[in-house]
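Accompanying notes for the structure given below.
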Amino acid sequence: MRKFKRTIAVCLCLVMVLLTVACQSKTKTVSSSNTGIFTGEAEGKSGAIKVEVTIDNAVIKGIKVIENHESDFTKNVFEQLPKDMVAANTSDVDVLAGATLTSNGIIKAVKDAITKSGIALTIKKTTQDNTKVANTSADIVIIGTGGAGLTAAIEATMEGSKVIVVEKNSFMGGNTNYATGGMNAAGTKYQAVKGIVDSPELFYKDTMIGGHNLNNPALLKTLTEESAGALYWLESLGADLSKVSRSGGQSADRIHTTKDGAAVGTHLMKIFSENVKKLKIDVRLNTKAVEILSEGNKATGIKVETSGGKQYEIKAKAVIVASGGFGANQEMVTKYKPDLKGFGTTNQPGATGDAFPMIEKFNAALVDMKQIQTHPTVVPVKNELITEGVRGEGAILVNRAGKRFINELETRDTVSKAILKQEGGKAFLVFDSGVVDRLAAIKKYKEAGLLTEAATVAQLGAKIKISPDVLVATMNKYNGYFKTKVDKEFSRRVMAGELSKGPFYAVEISPAIHHTMGGIKINTKAEVINNQNKVIEGLFAAGEVTGGIHGGNRIGGNAVADIVIYGRIAGKSAVSFIK
Ligand code: ADP
């Protein structure tokens, strides 16, 4: 018994020793369990964002983004936010202006990695916005770094003026970043090579018809006459828009696109950025114009506010307003067009019409404010625009009952109205792999998880909760029309292909606010006009912030024409004014 007791005692001792060793070894590994590489994932604006977070002794040493499908122009966000998180040793940092969804995606992915690591991090205090600001001056100050602002900046700098451009977002480009189609220009050498007969007069006529005859004739005449020259000017900067094709509302092949099919906005912003760098133009990001300074009724500069809340003045001999439209400002949109209440928007979040309260003190005139264009095919909630090319390359639109209801290639306003009449105000774009093969843009939608895919049409119907039999019947009927080249129901003339190659795809869409055609009244010199029809001294405007060029409906390819042509004019006019 004593021996047994001793044995138990020895065993207990052994257990205690082992426990102590185990505890020690656990204590020892505390430091290494505070170290490691952890992965995290979250949804961004366009699909999954995956990150790898390196933590060393409870300190974030690095954040690597290993997967993302966000737009190229958010590159800054992927550089800046990880830096902020490393500096603060936490995922809890501020989102970057203009890129809330992308920022939140990165922040949540890093947070996910940190949570998975189980490591408690001590937040480091970072010195918030220690940048010094001071009043300054320039010959010309420009509000906005979209296509209009940068075109004006490049033109004015090339003519010898000292220019400062301010941008409230953390990156350049505004809505111009989202432009997918191309630029309309008439009478170009690229059209001539293809034997296309076109002229500024025909371009004018088409645009007037498309704009329901509401376009300002003088502004439109200048746009059409200057279009070819503007295209060559872009070319001189390094752009290549040499491919010509047909777009909605045109009676000649007139839209000039990139050779490799890249989105026109991405291409132009690359060229503009290169030229801004080359010309050493002073572009101030995270800097919001909050007031246009004045002496009497003359514009004399702007007051700005940094993202850290510091204000300063930029005095200038001329001010160019190129701050874009108000398509992301629900209050303003519904003020002018109440029936758009609750609509989504394809606009970048900064398209809030900031210029309008700022120009009030000059008694500036506004035109066509009610003219707001909706785009028919936008993914609800995610607000991702599905390009017209999907229908152009053959997709059909069906309602929840699985039936077609419109010629899918009608103008934007007609298709939008027809969709709104369907159940829930929504419809589905349905297409086959043939459409996917013909249109590079669809790859991006697939990666972003926007498409429902199925091997057969019946399976696709089941997945999107549409009667498989009805959907199959609709597709068979359409394919019959394709074969006979006659759409007996809706008279669709262009049917790019039979919808018969699996897998098949669907995406639910509804119309969303796309372009605000109305805005500040300007003349053909891009000078701002007041309510007494007089020019306001020193104040110029260009791009979507202005009104009158597009009338009641903007034709695809004319937004880029507008920003380049009137951006150049504003730059040139401001230079002549200060001289
Ligand atoms: P456009 O096509 O007319 O050039 P964009 O939408 O492409 O218009 O660009 C307008 C730019 O102006 C956007 O980048 C937007 O963030 C910027 N912006 C809007 N309001 C202000 C403001 N108050 N201060 C500085 N930048 C602004």
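If a residue must be more than 13 Å from the ligand (Cβ to nearest atom), surrounded by 24 or more Cβ atoms within 10 Å (Cβ to Cβ) and not hydrophobic (A, V, I, L, M, F, W, C), how many such residues does region 522-547 contain? Selection size over region 522-547: 1. For Thr180, the stated conditions hold: it is open to solvent by 60 Å² or more (accessible area, probe 1.4 Å), assigned to a loop (DSSP other than H, G, I, E, B), within 14 Å of the ligand (Cβ to nearest atom) and not acidic (Asp, Glu). Could you go through region 159-173 and let me know if any residue there is part of a helix (DSSP H, G or I) and either open to solvent by 10 Å² or more (accessible area, probe 1.4 Å) or over 19 Å from His256 (Cβ atoms) (or both). No, that holds for no residue.
Looking only at region 319-377, which residues are more than 25 Å from Gly424 (Cα to Cα), over 15 Å from the mean Cα position of the chain (by Cα) and small (Gly, Ala, Ser)? Within region 319-377, Ala322, Gly353, Ala355, Ala364, Ala365 meet the criteria.
Listed here are the residues, each with its yes/no results for (1) open to solvent by 10 Å² or more (accessible area, probe 1.4 Å); (2) within 12 Å of Ala561 (Cα to Cα); (3) part of a helix (DSSP H, G or I); (4) at pLDDT below 95.
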site: Asn215; (1), (2), (3), (4): no, no, no, no
site: Leu220; (1), (2), (3), (4): no, yes, yes, no
site: Thr224; (1), (2), (3), (4): no, yes, yes, no
site: Ala228; (1), (2), (3), (4): yes, yes, yes, no
site: Leu231; (1), (2), (3), (4): no, yes, yes, no
site: Glu235; (1), (2), (3), (4): yes, no, yes, no
site: Asp253; (1), (2), (3), (4): yes, no, no, yes
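When region 421-436 is examined, which residues are found to be of a type outside the set (Gly, Ala, Ser) and surrounded by fewer than 22 Cβ atoms within 10 Å (Cβ to Cβ)? Within region 421-436, Lys421, Gln422, Glu423, Lys426 meet the criteria. Out of everything in region 354-408 that is charged (D, E, K, R) and within 16 Å of the ligand (Cβ to nearest atom), what residue ends up being nearest to Val494 (Cα to Cα)? Ranking the qualifying residues of region 354-408, first place goes to Asp368.
A search for C-beta distances below 9 Å between a residue of region 312-323 that is more than 11 Å from Val165 (Cβ to Cβ) and open to solvent by 10 Å² or more (accessible area, probe 1.4 Å) and any residue that is away from the ligand (no atom under 11 Å from the Cβ) and of a type in the set (Phe, Trp, Tyr), counting only pairs 6+ apart in sequence or on different chains, returns Lys317/Phe577. Among the residues of region 190-205, the ones that are among the hydrophobic types (A, V, I, L, M, F, W, C), in a helix (DSSP H, G or I) and in contact (Cβ under 8 Å) with a residue 40 or more places away in the chain come to 2 in all. Filtered by the rule that a residue be open to solvent by less than 50 Å² (accessible area, probe 1.4 Å) and within 13 Å of Phe405 (Cβ to Cβ), region 476-494 gives Tyr478, Asp487, Arg492.
The values are calculated or read from the model by the stated rules, or taken from the named source; none is laboratory data. Every value quoted in this text rests on a predicted model; they were computed, and no experiment measured them. Cβ sites come from the backbone with ideal geometry, for glycine too, and all protein chains shown count toward neighbours. Remember, those area values only see protein heavy atoms, side chains included, never the ligands or the DNA or RNA. Shrake-Rupley method; radii C 1.70, N 1.55, O 1.52, S 1.80 Å.
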